[in-house]
Amino acid sequence: MIRINLYPEQRRSQLQARSDLLKQGVVVIGAIVGAVIACAIIASVKGNEFKVVEEEKAQKTVRLEELKKEIGVVDNLENEKAALDAKRQGIIQLRENQEGPVLIMDHISRSMTEAKVWLTSLSVNGKSVRLSGMALTNEDIVDFQTTLQSKPSFSKVNLIVSQKEGGSADQPLYRFELSLDG
């Protein structure tokens with residue numbers, strides 16, 4: 001087969017250039033389409049990962065709220081425990097404070113029955129007690145002091161004053177003051 005070139009040389013170079021340009025255009029469009037497809041795939045994968053992360057976040061938010069409620073319950077229990085401990089300490093302190101004066105009064109009243117004295121005043125300041133009273137004789141005051149010294153509640157019994165005061169000529173009265181240390 002014989003071919004005859006009817007196109008002039010210039011026309012042939014234009015067609016060749018167009019053909020090359022068309023090939024380059026197809027390659028560029030193919031590259032762009034490929035890049036768009038790759039981006040779409042990556043976006044889809046990242047979107048799925050984002051959904052998974054969002055679901056985990058929602059689950060952890062729910063768990064956080066549950067834990068906050070539990071922490072609130074624990075805090076309330078700790079506050080109640082502290083309040084109960086304070087009340088318990090108050091009760092213990094009241095019992096301790098109650099036992100001291102009761103024992104002191106018991107020892108003093110028992111000692112009074114053994115000696116012939118009566119009290120006119122009594123003051124308690126912690127473990128220290130101050131007594132004032134009257135007796136028929138100084139011996140009664142000494143007996144009262146000796147009896148108090150024998151009681152375990154008092155470590156030290158001091159006679160502050162003992163003096164004759166009032167009464168009749170044949171039966172005088174003696175006023176006394178004692179200091180007791182517990």
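The values are calculated or read from the model by the stated rules, or taken from the named source; none is laboratory data. Since the structure is predicted, the reported quantities are computational estimates derived from the model, not experimental observations. Reconstructed Cβ throughout: ideal geometry from the backbone, glycine too, with neighbour counts over all protein chains shown.
Some notes on this structure:
- Selection from the stretch 101-143 of residues that are touching a Lys or Arg at 6+ places or on another chain (Cβ under 8 Å), crowded, with 17+ Cβ neighbours inside 10 Å and either at pLDDT below 80 or assigned to a strand (DSSP E or B) (or both): H107, S111, G133, M134, A135
- Residue check, S44 modelled with pLDDT of 85 or more and assigned by TED's automatic domain parsing to the domain that holds V157: no
- Members of the stretch 127-164 found to be under 46 Å from the mean Cα position of the chain (by Cα) and in contact (Cβ under 8 Å) with a residue 40 or more places away in the chain, listed by number: K127, S128, V129, R130, L131, K151, S153, F154
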